[in-house]
Every structure is written in structure tokens, then in C-alpha cells.
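For reference, the structure is listed below as C-alpha cells.
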Amino acid sequence: MPKVFPRMLYHLVGKAISDFNLIAENDVVLVAVSGGKDSMLLASILAELHRRAPVKFQVRALTIDPGGELGLDPEERATLESYFESLGVPYNIVPTEIAKIVEAYPNKKNTACSLCANLRRGALHKTAQEMGANKVALGHHLDDAIETLFLNMFYQGSLRCFHPRTYLTRREVTVIRPLVYVPEEEIIKAVKRLEIPVLTAKCPYAGHTLRQAIKDRVTELAREIPGFRNQLRGALGDLWSPKKEV
């Protein structure tokens, strides 16, 4: 299903791939798909790059299904499977009992969120290794990076943020974030324009976390300060330089 992606989107993704050497010849890139707008757009644009780029690499997609009430229902499974079939991207769903484990912390929001994220991440990296993928692509965008920077500054007292490229020694897998230069508003517009299917988040804490409070503040600052996101992208660039990578 051919898609015409906005030129700005191609430019920003291409720049991130070039700046951080995210994709190389013969890579097997596994896109972590939650069904949300970010991961669905990421999978779509990587599928298009796979068809057009001179560098030859493989693209696959994977959903870690947490099970229980947080898991995929039959209609959602069918939507994802049909969409990735239309993209020509091999797609797998891995069933887990993550939701059941997380339910043990019903009144401990921060603990439950951290536990859920860690369990999903562990299942993702393990499966990537088993599938022979050497790269795992995540849908984190520029706003995610800014929010993470602010969270670490204000609540941890540290000037840190996730890196666009991180090698996991234990799993021998490299985590990449090709959307790291893309503002969230551009993702929202692209998903709507391209009619990419998006699933509704089922997390009971969605919209009620500390990160959401920071997100709201970032939105306010972006309205008040001209070029706010571009300025922060420049600051993040300093953290992401090779000498800063850990």
C-alpha cells in the first residue's frame, strides 16, 4: 500500500538515521508495536524506507501482548495483522501474563508502571534475540525525549535522557529510535493524513502520571517560547554526542 509521507518527516527520520548510524546494510530491524500512533507510524515509514533506500535491510514488527484486560481483543489483533500484511511486513504477537503480574500493584501507580515497562522491555529484547534481529526500533519522538530530560532534571537531579542508539551487551541487540527528531504534533498529523490505524490505550494510568504533567508543561512552554522544541533538540544533541553516550 504506497504511502506519500510528508517531506519533513522523511527529512527528520533520515537525519536521525544518518546522525546516529541507526540502520546499516543487512540489519534485521524489529519494530516494537504497541498499536499506538508512534509505533504504527514508525513501522510504516521503515517499511517504506525498506522499499526505497539503497541500504538493504529487513523490517519486522512485534507486539508484546500483556494479556488480561490490557491485552489485544480479536478485533484489534485482526486490525494489526491486516495492516502489516498490507505493508508487506512480517508481524508477530507474543502472548504474556504481564497484566496479571502488574495487577499485584493496583494501588502503587509508579511501581506498577515501572514494573510493566520493565517486563515488556525484557520480553521484547528476549524475543528480538530469538528472532535473529540485531536492531529493535522504538517509537520515542522528540517530545518524549524532552519530557524524559525534564523528568530527570526536576525529579532526579541529573542531566540525562535516553540515547537514539543504545547497544545492549547482554542481548547483543541495539535499540534505535528513528523518530527522535520528530515532534509529536507531526506524528499526529501524519497518522491522520495517511489513515494509519491506531489502537486506543488501555492502561488505567494513561493521562494520570507524572510524565503527563510534564507533557502538559512542555506544551505550555512550546506555546510561550518561540522555537522551543528546536532549542531543546539542540540541547539534547549535546547529550547525544559520542562523548556523552553511555
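From the list A133, A128, A99, exactly one residue is touching a helix residue (DSSP H, G or I) at 6+ places or on another chain (Cβ under 7 Å), open to solvent by less than 20 Å² (accessible area, probe 1.4 Å) and not in a strand (DSSP E or B). Which is it? Let's see the steps before the verdict.
Working: A133 fails: touching a helix residue (DSSP H, G or I) at 6+ places or on another chain (Cβ under 7 Å); A128 fails: touching a helix residue (DSSP H, G or I) at 6+ places or on another chain (Cβ under 7 Å).
Answer to the check: A99.
Which number in (1) open to solvent by 40 Å² or more (accessible area, probe 1.4 Å); (2) modelled with pLDDT of 95 or more; (3) within 20 Å of L30 (Cα to Cα); (4) part of a helix (DSSP H, G or I) marks the one condition that L119 misses?
The one condition L119 does not meet is (2).
Considering only region 1-96, give the helices (runs of 4 or more DSSP H) lying wholly within it that have at least 1 residues that are loosely packed, with under 15 Cβ neighbours inside 10 Å and at pLDDT 95 or above.
Working: elements: 7-20, 37-52, 74-87.
Of the helices (runs of 4 or more DSSP H) lying wholly inside region 1-96, those with at least 1 residues that are loosely packed, with under 15 Cβ neighbours inside 10 Å and at pLDDT 95 or above span 7-20, 74-87.
From the residues in region 201-224 that are without any contact (Cβ under 8 Å) to a residue 60 or more places away in the chain and either farther than 29 Å from G67 by Cα or touching a strand residue (DSSP E or B) at 6+ places or on another chain (Cβ under 9 Å) (or both), which one is most open to solvent (accessible area, probe 1.4 Å)? Full working, then the answer.
So in region 201-224, the residues without any contact (Cβ under 8 Å) to a residue 60 or more places away in the chain come out as 204, 206-207, 212-213, 216, 219-224.
In the following step, the residues that additionally are either farther than 29 Å from G67 by Cα or touching a strand residue (DSSP E or B) at 6+ places or on another chain (Cβ under 9 Å) (or both) were identified as 216, 219-224.
Numbers: D216: 75, T219: 49, E220: 78, L221: 29, A222: 30, R223: 183, E224: 120 Å².
Filtering first and then ranking leaves R223.
Considering each residue of region 150-177, count those that are open to solvent by less than 20 Å² (accessible area, probe 1.4 Å) and without any contact (Cβ under 8 Å) to a residue 60 or more places away in the chain, and give that number.
Total satisfying the criteria: 3.
Of I187, I146, which residue is part of a helix (DSSP H, G or I), modelled with pLDDT of 95 or more, of a type outside the set (S, T, N, Q) and closer than 26 Å to A133 by Cβ? Full working, then the answer.
On the way: I146 fails: closer than 26 Å to A133 by Cβ.
Selected residue: I187, the only one of I187, I146 that is part of a helix (DSSP H, G or I), modelled with pLDDT of 95 or more, of a type outside the set (S, T, N, Q) and closer than 26 Å to A133 by Cβ.
Quick test for you: out of V180, V198, pick the one residue that is open to solvent by less than 20 Å² (accessible area, probe 1.4 Å) and in a loop (DSSP other than H, G, I, E, B). Even if it seems obvious, please write down each step before you answer.
Working: V198 fails: open to solvent by less than 20 Å² (accessible area, probe 1.4 Å).
Going through V180, V198 in turn, the sole match is V180.
Look at Y167 and say whether it is over 26 Å from T79 (Cβ atoms), at pLDDT 95 or above, touching a Lys or Arg at 6+ places or on another chain (Cβ under 7 Å) and aromatic (F, W, Y). Let's see the steps before the verdict.
Working: over 26 Å from T79 (Cβ atoms): yes; at pLDDT 95 or above: yes; touching a Lys or Arg at 6+ places or on another chain (Cβ under 7 Å): no; aromatic (F, W, Y): yes.
For Y167, the condition - over 26 Å from T79 (Cβ atoms), at pLDDT 95 or above, touching a Lys or Arg at 6+ places or on another chain (Cβ under 7 Å) and aromatic (F, W, Y) - is not met.
The values are calculated or read from the model by the stated rules, or taken from the named source; none is laboratory data. Just so you know, these numbers come straight off a predicted model, no measurement behind them. Neighbour counts are summed over all protein chains in view; Cβ atoms, including those assigned to glycine, are modelled from backbone coordinates with ideal geometry. Please note that ligands, DNA and RNA were not included when accessible areas were found on the heavy atoms of the full protein model with its side chains. Shrake-Rupley method; radii C 1.70, N 1.55, O 1.52, S 1.80 Å.
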